[in-house]
Amino acid sequence: MEKELNIVGKRVPMHDGVAKARGTAQFTDDLVFPGMLYGKILRSPLPHARIIHIDTAKARKLSGVKGVVTGQDIPDRQYGIVPKARDEYALAKGKVRYIGDDVAAVCAVDLEAAEEAVSLIKVEYEELPAVYDPLDSIKEGAPVIHEGVDHNTSMSIRKEFGDVKKAFAESDHIFEDTFYSQAVNHAPMEPHAAVAQYDHLGEHFTVYSSTQIPYFLRRNLASTLMVPESKVRIIKPKVGGGFGQKIDMFAKDFCAAWFARETGRAVKFVYERDELFISTRQRHPMYITVRTGMKKDGTILAQQFKAHADGGAYNSTAPTMIALSCYFLMIPYRVPNLIYEGHHVYTNKPVGGAMRGHGIPQARFAVERQLDLIAQRIGIDPVELRVKNSIQAGEPHPAKFIINTCGFSDCLKQAAEAIGWKEKRGKLPKGRGVGIAGASFPSGVSNMSHISSGSVVQIGQDGAVNVLSGAADIGQGAETVIAQIVAEVLGVTMEDVRITAADTGTCPMDPGTFGSGVTVRAGNAARLAAEEARKKLFKYVAKHLDVERDDLAVKDRFIYLKSSPGKGMSFKDALKGYQYADLPMPIVGRASWFAPSTEPTTLFKDDGNFAPNYSFMAQAAEVDVDLETGQIKLLKMVTAHDCGRAINPMLVEGQLEGSVVGGMGQALYENVIVEKGQVMNPSFLDYGFPTFLEMPEIGAIEVETDDPIGPFGAKEAGEGTQLSPAPAIVNAIYDAIGVDFKELPVTPEKILEVLEKGGGK
Amino acid sequence: MKKIISLSINGDQYEVLVSPNQTLLEVLRDQLGLMGTKRGCDLGACGACTVLINGEAYLSCIMLAMDGVGKEIQTIEGLTQTRELHPLQEAFVKEGGIQCGFCTPGMIMTAQAILNEAEKPSEETIKRKMAGNLCRCTGYKKIVTAVMSAAGQAGEEV
């Protein structure tokens, strides 16, 4: 790994950090335009009902109201990221399917008038029977949520790898356990917002939106408004966190654009906090049954999974979620024979969507918990069991993943050592315990050019570099990482690089921020574009100095000869000479990158290399359980992490620390409680997630590998680390009190209930 | 009903027409265009709207604008009014205490209130007093480091 790097691999502060610290960074809700109108959405108060009639007359007459729109007025076009899963209208047509479903919208000169107008809309409903649990929803005779969808099951996947029947027959042990993961809200600090403008001259829309996916939003907005994509420009201002919740179009985007065209004025929609809980997205609750066949020594021979995901009222990203949930059962452990059966089931509840890990955290919880149960049953150490079954780089994979680099078994050993496994596991006093879990995550998906990133790098006359990228920085630091990569390739400083990103009107296409693919995908595009620009400049310099182009390199704004590093010329002089040689300015490099795939990977039908590369991690937790109150304190979490080479170790740590604390919330505190379709805790007062007080000691161990595909050897670092904190914590709770929880979250009430009944060790 | 009041914000005097139920946050953002103060929950539960009133941290989303009369109000825009960053801002940037940046102004204002009270607060004090400021990105660790470092207590392991 002897690559000499100046900017990549360094703890470079975020390029927009100063603006954020000064409070001048602009988020969507910070945008104000002259004459701007304010919008508000009327939501369904019923979990399932037919809309008989909507009377908007009173709302329209209210002073200050400039527009009212209902599902009847809008085109018959459904939206969604995945074309075959589109099942949602911007405003409900004919029927509402959950409490919070979008029914109508108004815009007015101020928010007060908009709120009053919404309350004046009268909707006549015919209430329908509703269903709230996926296991009830699939039963014969359950209420039909979407016409024509049998058993309310909108997506099913059944994949078999190897010979499962034979492998189970050859197993010495077979274990079967069922697990449940709850609904978790992403709770980004910035509420969802959109501001739209319409230009009647060019007949085009400009929409500022708190989105993770500007280009998918453009596609969905254009198709639901029934205008060409070229008529819609999406600009992503600063986004205050997303974690997957901002992967989708929402009613606020559509209605802002709709009213902007109707009124000719800018229109702003901002969701309130309770709307984020009720009407955006949440992590799918999931029931998972795992059956594992093993040899006496603990070698996994086969696994069989059956999963029911509670999708709520609509699909959102359902197919992707189910596919991820399935494929990532075959990594980071060697599972040669596997059957996965997964179902996405509608209920009359808030909608499930992508959330950090996207279907994998639920599966990981089941697998990692079961491994610990098995370790007890067959009397083997949980770390040893995991190491024994760890996948290794280069080995053949049942679904044809290509694993070029893999530090997983090292991650396990190092995390165990750092938590003090040998001294502590099974040896601490009652109430204290340690636990471990592992995971792997893709760096985006290989899905041919459909998922490709573009980049343009321009070198200006004064040596400043302008980068255009479609990548959507939602706070993770994507723009900083891309700027670092470009600065490294061109041998300039971070101050020389300016980045313009996530504006569909000016930037090349990019799929957006999801699947943890940004650094590898958009980073590679930026690297290639910068290399092309460099090549053009070097061509001139080589001629001017009468040297071979391949002998040139650049560092600290100085272009030099590799064979004689003292010789060369400054970056600026080279540019000056280039201009005077009458060569075209600015120097522009362009590139597009998508993951190399030897066969089409459609996620559903065909096997193939799922992702350009795979990160690995093991996480070890130490907990303290108060036997009197049931309170659980996460004392420490160590993550040993193979994310390839970190482009920016400080940002990688930030991702890791945020992931650990988020995973801790999933394990111990967070749960979107729904009763008869009504979210009971849609506020930060009632839905608790970790604060400064719960923050554990966080340790990070870098298990560096040098990946051949990622830019400068990088792999993903954004999502994988949120997969295994929850099972590691629950495994540690077992070690502390001898109770095996199979449902999340593990709360003090549940602990006390078991302890009072005399349970535990 | 509405009343003209005078507010002292970041050392400047503003005359604003407000209704009795209008919050300070609404006046700051919607009337004065001081957008650095963020609206995260509008319920006093996230801390993104934190401002200083006579040097102490207050949640501007649950404080009536009229209650700000006669007091010194400071927002993130008032922390520095030159090109120079305030030491807290500098530390947040340098230590990676910022990711999406939405909670950052509120975090920095609460930290300033802590430093107004004690020059060298302990790590425990910082955590306890900042517990009303939520962040979903950072996991808090680098924010604690940033505040410690701004208070001249750099290098201590958190």
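Summary table below
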quantity: Compactness index (Cα Rg / 2.2 N^0.38 Å), the stretch A:55-113; calculated: 1.33
quantity: Gyration tensor (alpha-carbon) shape descriptor, chain B, a/c threshold 1.5; calculated: prolate
quantity: Given charges at Cβ of Lys, Arg, Asp, Glu: the protein assembly as shown dipole, positive-most of A:730, A:547, A:502; calculated: A:547
quantity: Estimated [θ] at 222 nm from DSSP helical runs (n ≥ 4, -39500 (n - 2.57)) normalised by residues in chain A, nearest 500; calculated: -8500 deg cm²/dmol
quantity: Tail beyond 25 Å, pair distance distribution of the stretch A:452-593 (Cα, percent); calculated: 27 percent
quantity: Helix-derived mean residue ellipticity, 222 nm - over chain B, DSSP H n ≥ 4, -39500 (n - 2.57), to 500; calculated: -8000 deg cm²/dmol
quantity: Global form of the stretch A:129-188, assessed from the alpha-carbon gyration tensor, a/c cut-off 1.5; calculated: prolate
quantity: Residue-by-residue Karplus 3J(HN,Hα) for the stretch A:41-52, coefficients 6.51, -1.76, 1.60, Hz, glycine and proline x; calculated: 10, 8, 10, 5, x, 10, x, 7, 6, 8, 8, 8
quantity: Debye equation applied to the C-alpha atoms of the protein assembly as shown, log10 I(q)/I(0) at 0.04, 0.06 Å⁻¹; calculated: -0.18, -0.41
quantity: Distant-in-sequence amide H partners of residue A:587 (H built 1.01 Å from N, under 5 Å); calculated: A:459
quantity: Listed residue (A:705, A:674, A:690) projecting farthest to the positive dipole end of the stretch A:640-747, Cβ model; calculated: A:674
quantity: Cα-based shape type of the stretch A:235-307, given that a ≥ b ≥ c are square roots of the gyration tensor eigenvalues and the cut on a/c is 1.5; calculated: prolate
quantity: Rg in Å to one decimal, and Dmax rounded to a whole Å, for the stretch B:3-77 via C-alpha atoms; calculated: 10.9, 30
quantity: Too-long pairs where the Cα-Cα distance tops 29 Å, listed order kept, from A:388/A:757; A:84/A:238; A:165/A:750; A:633/A:761; A:61/A:231; A:296/A:422; calculated: A:388/A:757; A:84/A:238; A:165/A:750; A:61/A:231
quantity: Cut-off 13 Å, label 7 Å out along Cα→Cβ of residue B:72, residues of the stretch B:79-115 by amide N; calculated: B:79, B:113
quantity: Axial C-alpha extent at least 15 Å, average Kyte-Doolittle at least -1.0 - helices from chain B (DSSP); calculated: B:104-117
quantity: Sites residue A:52 and residue A:160 - FRET efficiency at Förster radius 60 Å, r taken between beta-carbons, to 0.05; calculated: 0.80
quantity: 10 Å Cβ neighbours from other chains, averaged over peptide B:40-49; calculated: 5
quantity: Total charge dipole magnitude, chain A, about the Cα centre, Cβ charges on Lys, Arg, Asp, Glu only, Debye to nearest 20; calculated: 980 debye
quantity: Distant-in-sequence amide H partners of residue A:635 (H built 1.01 Å from N, under 5 Å); calculated: A:622, A:623, A:624
quantity: Whole-Hz ³J(HN,Hα) from phi, Karplus 6.51 cos²θ - 1.76 cosθ + 1.60, for the stretch A:90-102, glycine and proline x; calculated: 4, 10, 4, 10, x, 8, 10, 10, 7, 5, x, 4, 6
quantity: Shielding score for A:689-701, defined as the mean number of other chain Cβ atoms within 10 Å; calculated: 5
quantity: Under-5 Å amide H pairs with residue A:552, H placed in peptide plane, nonlocal only; calculated: A:562
quantity: Over the stretch A:551-688: Kirkwood hydrodynamic radius from C-alpha pairwise inverse distances, Å; calculated: 22.1 Å
quantity: Calculated FRET efficiency for the pair residue A:93/residue A:180, C-beta based, R₀ 45 Å, to 0.05; calculated: 0.85
quantity: Rough spin-label spacing in nm, given labels placed 7 Å along Cα→Cβ, for residue A:606 and residue A:33; calculated: 4.4 nm
quantity: Stretchable slack from residue A:546 to residue A:628, in nm (0.36 nm times residue separation minus alpha-carbon distance); calculated: 21.5 nm
quantity: Inter-chain Cβ neighbour average for residues A:678-687, partner chain, 10 Å; calculated: 2
quantity: Additional length obtainable on full extension of the chain from residue A:427 to residue A:170, 0.36 nm per residue less Cα span; calculated: 89.0 nm
quantity: Alpha-carbon Rg with Dmax, taken over the stretch A:637-761, Å; calculated: 17.7, 56
quantity: Of A:268/A:676; A:20/A:268; A:715/B:142; A:246/B:141, those spanning more than 29 Å from alpha-carbon to alpha-carbon; calculated: A:268/A:676
quantity: Environment charge of residue A:681, counting only residues whose C-beta is closer than 12 Å and scoring Lys/Arg +1, Asp/Glu -1; calculated: -3
quantity: ³J(HN,Hα), Karplus 6.51/-1.76/1.60, whole Hz, each residue of the stretch B:24-39, x for Gly, Pro; calculated: 4, 4, 4, 5, 4, 7, 7, 9, 9, x, 8, 7, x, 7, 9, 9
quantity: Cα-centre dipole for the stretch A:452-593 with unit charges at Cβ (Lys and Arg positive, Asp and Glu negative), debye to 20; calculated: 320 debye
quantity: Relative contact order computed over the stretch A:481-582 (Cα-Cα under 8 Å; 6+ residues apart), in percent; calculated: 27 percent
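FYI, it's all coordinate maths here, none of it is from the lab. As the structure is a prediction and not an experimental result, all values here were calculated from the model. Neighbour counts run over all protein chains shown; Cβ positions are idealised from the backbone, glycine included.
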